[in-house]
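Notes follow the structure.
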Protein chains: 2
Amino acid sequence: MSLNIAVMISGSGSNLQSIIDAIEKNSLKSEIKIVISNTKNAYGLVRAEKHGIKSRYLSKNNYNSPREYEEELLEILNNKKIDLIVLAGYLGIVPGEIIKHYKNKIINIHPSLIPSFCGKGFYGLTVHEKVLEYGVKVTGATTHFVDEGVDTGPIIMQEPFKIEDEITAEELQKEVLKIEHKILVETLGLIENKKLEINGRRVLIRR
Amino acid sequence: MSLNIAVMISGSGSNLQSIIDAIEKNSLKSEIKIVISNTKNAYGLVRAEKHGIKSRYLSKNNYNSPREYEEELLEILNNKKIDLIVLAGYLGIVPGEIIKHYKNKIINIHPSLIPSFCGKGFYGLTVHEKVLEYGVKVTGATTHFVDEGVDTGPIIMQEPFKIEDEITAEELQKEVLKIEHKILVETLGLIENKKLEINGRRVLIRR
C-alpha cells in the first residue's frame, strides 16, 4: 500500500534523507507529500527542495494561539490526504488534537533503547552524552507510535548497539544514526505492508 | 589472581551454579569460600553442599537489630578473607557498612538492560513480565558494581536479547538467564585479571 507521508523535522533531516533514498530506489512504495519544519533554517528543508518535495516552515510561535497553529497544521495534513506522520528528529510537541485525529498514524524515531534515556530533555547529542555518563554498555534506537506522552507510545522496532570504551558522544551519535535510518525505513515498510498489529502497549509484527 | 569469593543468594542459585561450573573446569581461578542465603530453603544451599562449598543461612530477621546482623555478616566475610562478594539472585539489602567496607568489591547481576526495568520491585520473573507489558523489543542482562542504591552502581557488562513477538515471561526469563550466566562468569574473569578500571560511573575494560 502506498502511503501519503508527512515528515516533520527540526534539523538536518538525515532520517528524512533515508526515507527519500528508500523511496527513490523503490524500497518503499510511499510518497512524501510534505516536509514540515518548526525551525526556519533546517537543512532538511533544503533536502526536500533538492528532491522536489513540497516543504513548509511552520512554528507555533508565529500564531496567536495554540488553537490557530493546530488548525493550520491539521488543514495542511488534510489537504495532502496524509496517511502517516513521521517525526524525524522533530523537537516540537505535536498538538493533542492531531495526535487524537491521527491515532496510531504518527511514528517517531528515538536514539536510545526506550524506556532508557527518553522523555523530556533527551534529544539530539544530549541523549548520547547521558548514555556515556551513565556508563551503559548497550544503547540503540527505537521506532514507536506517538501518544500523548513524550516517547511513551507503543514500541515498533528496536535495535541495540554495543558501546566500546573509547567512543565519544559524537561518534556514538553517528553509529546510532545508522541504526535509526535502517529501522525507520524498515518500520515504514512494515506499515505499508500492514504487518503491524497493536495490542495494548505491544506491537506484534506479522511475518 | 585467585579471589576468595562469597556468593549471596535467595533462590535456586543458577547463577551460583554457573560460577561453580566455571571454576571446576578452570575457566576461573577463584574459589567460592562461602555461599550465604537469606532464605532457609534456597536450592542454592543444596548446590553448594553438592560441590563441597561451605554455606550459611543468614537472615536479618533472626537478629535483634540491623547492627547485630551486619556485624555477624562482616565477621563471616572477614574470617573467610573475602575479596569479592557476588550477589547472584540475592533479594535482600546489603547493609551500608558492608557496602562501604567492600567498595567496588561487590557485584550484582540483573536481568535487564539497566537503567530500564531495575530498582525497587524489579526482580525475578516480575522484571520479564514488565518488559513484555511495556512492549520493548530489546532486553538483556547487566553486571554492575553495587553502591548504596538499588541497581544504581557502575555497569560492568551488558548484553542484549531481541524479543520475538510470541515469547512468554517464563521463556524470556530462561533466555536472559543464559546471558546472565555468560556475562557473570566473564565479569569475574575480568576482575580476576584486573582488567576493569572504574572512572566515575564508567567502567573501562582493558583488552
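The values are calculated or read from the model by the stated rules, or taken from the named source; none is laboratory data. Values in this document were obtained by computation on a predicted structure and should not be read as measured data. As a convention, Cβ positions derive from the backbone with ideal geometry for all residues, glycine included, and neighbour counts pool all protein chains shown. Side chains are part of the model used for accessible areas, which takes the heavy atoms of the whole protein and leaves out ligands, DNA and RNA. Shrake-Rupley method; radii C 1.70, N 1.55, O 1.52, S 1.80 Å.
Taking a probe of 1.4 Å, how large is the accessible area per residue of the protein assembly as shown, in Å²?
Spelled out: the 1.4 Å probe surface of the protein assembly as shown, per residue, equals 47 Å².
Reported to the nearest whole Å, the Cα centre-to-centre distance from segment B:64-105 to segment A:62-138 is 47. Over the Cα atoms of the protein assembly as shown, the radius of gyration divided by the Kirkwood radius equals 1.07; this is the Rg/Rh ratio.
Between this copy and the others, label points of A:E129 are 4.0 nm apart in ascending order, each placed 7 angstrom from Cα in the Cβ direction. Label point of A:E171 (7 Å along Cα→beta-carbon): distances to the other copies' equivalent points are 3.8 nm, sorted ascending. The local environment of B:G44, defined by Cβ-Cβ distances under 12 Å, has a net charge of +3 under the rule Lys, Arg +1 and Asp, Glu -1.
With the cut-off at under 19 Å, measuring from each backbone N in segment B:1-31 to a point 7 Å along the Cα-to-Cβ line of B:K194 picks out B:1-5, B:28-31.
Buried on complex formation within segment B:101-144 (loss of at least 50 square angstrom of accessible surface versus the isolated chain, 1.4 Å probe, ligands and nucleic acids ignored): B:P115, B:Y134, B:K137, B:V138.
The amide H of B:S30, built 1.01 Å from its N in the peptide plane, has B:L3 as neighbours under 5 Å, considering only residues 5 or more places off or on other chains. The mean sequence separation of alpha-carbon pairs under 8 Å and at least six residues apart, normalised by the residue count of segment A:1-102, gives a relative contact order of 38 percent.
Copy-to-copy label distances for A:E197, where each label lies 7 Å from Cα along Cα-to-Cβ, are 5.2 nm in order of increasing length.
With θ taken as phi - 60° and the Karplus curve 6.51 cos²θ - 1.76 cosθ + 1.60 applied, the whole-hertz 3J(HN,Hα) list for segment A:73-81 is 4, 4, 5, 4, 5, 5, 4, 8, 6 Hz, x standing for glycine and proline. For chain B, adding -39500 (n - 2.57) for each run of n ≥ 4 DSSP H residues and dividing by the number of residues yields -11000 deg cm²/dmol at 222 nm. Counting only DSSP beta bridges whose two residues both lie in segment A:1-156, roughly 25 percent are antiparallel.
At an R0 of 60 angstrom, the distance between the Cβ atoms of A:K174 and B:E68 translates into a FRET efficiency of 0.60.
Note on chain B: with neighbouring protein chains present and a 1.4 Å probe, carbon and sulfur make up 49 percent of its accessible heavy-atom surface. Which residues, if any, in segment A:152-174 lose at least 30 square angstrom of accessible heavy-atom surface (probe 1.4 Å) when the other protein chains sit next to their chain rather than the chain being alone? When all protein chains are present, A:I155, A:Q158, A:P160, A:K162, A:D165 each give up 30 Å² or more of accessible surface.
Shape of segment B:1-102 from the C-alpha gyration tensor: oblate (a/c of 1.5 or more and a/b not above b/c, with a ≥ b ≥ c the square roots of its eigenvalues).
Among A:K81/A:K194; A:K54/A:K81; B:K130/B:K178; A:K105/B:K137; A:K25/A:K81; B:K54/B:K100, which pairs are too far apart, with a Cα-Cα distance over 22 Å? The answer is A:K25/A:K81; B:K54/B:K100. The contact between chain B and chain A removes approximately 2500 Å² from the accessible area (both sides summed; 1.4 Å probe; ligands, DNA and RNA excluded). Using the Cα gyration tensor of chain A, with a ≥ b ≥ c the square roots of its eigenvalues, what is the shape: rounded (a/c below 1.5), prolate (a/b larger than b/c) or oblate (neither)? It comes out rounded by the Cα gyration axes.
Students often forget the sequence filter, so: which aspartates and glutamates lie under 13 Å Cα-Cα from A:K40 once same-chain residues fewer than 8 apart are removed? Within reach: none.
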